[in-house]
């Protein structure tokens, strides 16, 4: 167990170095992801708007065709009035004319609504497209910044990753699992070296007997206060005989 605990302490040092490298990127990775999502959302919105615009244009063309047809029929009906020979026939044609005029009125209203909708959708597309272009330019810039920072630290980062893999391979799986579990919950600090009878993580005083047990490094002992794995390295803790 001593070897496992010693390796854990080394692993934590490497993990902290990796974290430090990641922190040099700042929030650029998050900015890049946010921009990507915003661009994807706007592109989807733009595509949907264009699809709706296309459908509106089709409906407008159909409606205008119907309107022309109704107007032609109305013209023919009015011409028929001059050829009627009875009141019954006159009344029938007049009824058809009234019905056709209603259809024309309704079709004209629909046409106006569709024209307004077409204009609104066109305006929306005209606003969305340059916004997408602007965001894509911003994304390129942010990616360039991020890639520069990655390039600067890449060699060092890969070296620490290699060290991490080598150290991890020397630690028993249950011990490594416990370390990873605690590390996720405590911000990359899962191991604490005891110093002056205190946990190096939360600085809570450790009873002398427990300090002796930690010093032997023969078992996995957790701090009762913060839950970190306690170790004794560098000869810092002096426990009386």
**Asked** What is the one condition in (1) farther than 21 Å from residue 225 by Cα; (2) modelled with pLDDT of 90 or more; (3) not in a loop (DSSP other than H, G, I, E, B) that residue 178 does not satisfy?
**Response** (1)
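Please indicate, with yes or no, whether at least one residue in the range 199-207 is touching a residue at least 40 places away in the same chain (Cβ under 8 Å) and surrounded by 16 or more Cβ atoms within 10 Å (Cβ to Cβ).
no
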**Message:** Suppose we keep only residues that are without any contact (Cβ under 8 Å) to a residue 12 or more places away in the chain and part of a helix (DSSP H, G or I) within the range 23-45. Which one would you say is nearest to residue 177 (Cα to Cα)?
**Reply:** 23
**Prompt:** Can you tell which of 132, 104 is over 34 Å from the mean Cα position of the chain (by Cα) and surrounded by 13 or more Cβ atoms within 10 Å (Cβ to Cβ)?
**Reply:** 104
**Prompt:** Listed residues 90, 82; which is free of Cβ contacts under 8 Å to residues at least 12 places away in the same chain, loosely packed, with under 14 Cβ neighbours inside 10 Å and in contact with a helix residue (DSSP H, G or I) (Cβ under 9 Å, 6 or more places away or on another chain)?
**Reply:** 90
**Item:** Unique match (being at pLDDT 90 or above and over 30 Å from residue 101 (Cβ atoms)) among 61, 51
**Value:** 51
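The values are calculated or read from the model by the stated rules, or taken from the named source; none is laboratory data. Computed from a predicted structure; not experimentally measured. Cβ coordinates were reconstructed from backbone atoms using ideal geometry, including for glycine residues, and neighbour counts include every protein chain displayed.
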